[in-house]
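A short write-up of the structure that comes next.
Just so it is clear, none of the values below were taken in a lab; they were calculated from the coordinates. As the structure is a prediction and not an experimental result, all values here were calculated from the model. For neighbour counting, all protein chains shown are included, and Cβ atoms are generated from backbone atoms with ideal geometry for every residue, glycine included.
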Amino acid sequence: MTSRLWLWCFCAWVAAGWPRGRAVQLRPDMPNVCEEQQLTAVGQPQPSVRAFTHLVSRWEQGCAPPGWCVGYERRTRYYTMYRQAYSMEQRTVYRCCPGWRRQDAEPGCQHSISAAGTCFNGRRCSDSEAQPCQCSEGFQGPRCQYDINECAVDNGGCQDQCCNTIGSYYCRCQAGRKLGEDGRGCEDIDECAVVNGGCQQRCINTPGTFHCECDTGYRLHADARTCIKMDPCTGGNGCAHICQSENGMARCACHPGYQLSEDNKACRDINECAEGLARCGHRCVNSVGSFACACHPGSELGADGNGVTGLNWKLSIAVKRTMVVVLITVSMHSVGPVVPVTMDTGWMQMGKHA
């Protein structure tokens with residue numbers, strides 16, 4: 001009998017100390033119950049195996065008389081410890097929706113806070129049941145409990161993006177643009193006005209963005225900011241014959257026998273014969289990129305390729321030399337004197353006096 005009385009007293013004490021209104025957990029199917037996500041630190045014990053070494057005594061044989069002695073050996077033992085580890089978990093909790101409260105252990109939240117005369121976002125102006133509260137700007141409803149989405153009408157007057165907030169809103173522009181003084185229109189941002197847009201050489205501003213450019217003789221690095229010096233003759237630079245780099249500038253040149261055209265890139269033939277650059281004795285024959293000298297019939301080019309030597313003159317010299325040799329030979333075998341005779345043609349004849 002005593003034990004039963006003690007158990008009844010204990011249950012009565014627990015019931016008296018238990019918080020009221022918490023006997024039944026709120027569920028989503030109950031009236032005016034809202035779902036919320038809550039981060040909770042959850043602790044869990046985690047095992048950790050440890051080891052320790054100790055010496056154990058034992059009797060051993062083979063010692064000095066009397067033959068037995070105490071020896072020690074090292075042994076390792078293992079034990080498990082538990083430490084508390086915490087992790088953040090997202091849990092779903094159920095609470096009364098705004099404007100409602102729970103009383104005692106009733107199923108759900110059935111008592112309206114608004115019914116007590118509360119104005120959520122405004123002040124009380126009258127006892128009228130239709131509109132008891134005067135709402136602040138950005139709110140609506142009998143108790144000013146609803147937000148007004150200003151972006152739903154004419155984009156809130158914003159030129160670009162309209163962002164609604166609780167009780168208000170604001171305008172926002174895309175990257176590369178900024179809000180105007182009216183807080184609604186968008187203006188271009190001149191990125192080049194601040195530290196040259198990060199460009200090493202030239203910064204070019206465009207509507208909504210910008211880009212970097214390099215001076216002549218440089219090319220843009222992969223970072224689109226830095227400029228790297230380059231060989232201006234890479235790829236030929238459009239030169240027909242030769243591309244020469246001078247102080248970072250590309251200049252075109254032509255092979256001998258050609259000259260630059262008006263575009264300073266193409267090469268055209270030089271007519272050495274027409275411009276008097278060829279020193280030919282008789283005739284000058286022009287060719288693409290060069291020229292050649294030619295002689296009249298009966299003549300041939302000299303050793304320099306320009307001068308002309310007559311064939312008849314060469315032959316006359318050879319004949320004269322031969323006749324001199326013959327004249328000397330005849331005079332050696334002649335009885336009488338030999339008299340050389342010069343003819344109109346310039347040749348020498350031999351003869352005897354009578």
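Being in contact (Cβ under 8 Å) with a residue 40 or more places away in the chain and either surrounded by 16 or more Cβ atoms within 10 Å (Cβ to Cβ) or more than 32 Å from the chain's Cα centre (by Cα) (or both) narrows it down to one residue among Gly167, Gly183; which is it?
Gly167
Here are some conditions: (1) assigned to a strand (DSSP E or B); (2) under 30 Å from Tyr146 (Cβ atoms). Pro98 meets all but one. Which one does it not meet?
(1)
Look at the stretch 22-66 and say how many of its residues are under 30 Å from Arg95 (Cα atoms) and of a type in the set (A, V, I, L, M, F, W, C).
9
Which residue out of Ser261, Ser287 is surrounded by fewer than 17 Cβ atoms within 10 Å (Cβ to Cβ), small (Gly, Ala, Ser) and more than 30 Å from Lys229 (Cα to Cα)? Break it down stepwise before answering.
Values: Ser261 fails: more than 30 Å from Lys229 (Cα to Cα).
Within the list Ser261, Ser287, the selection yields Ser287.
Taking the stretch 152-164, which residues are touching a Gly at 6+ places or on another chain (Cβ under 6 Å) and loosely packed, with under 13 Cβ neighbours inside 10 Å?
Hits for the stretch 152-164: nothing passes.
If you scan the stretch 57-71, which residues turn out to be surrounded by 10 or more Cβ atoms within 10 Å (Cβ to Cβ) and part of a strand (DSSP E or B)?
Matches in the stretch 57-71: Glu60, Trp68, Cys69, Gly71.
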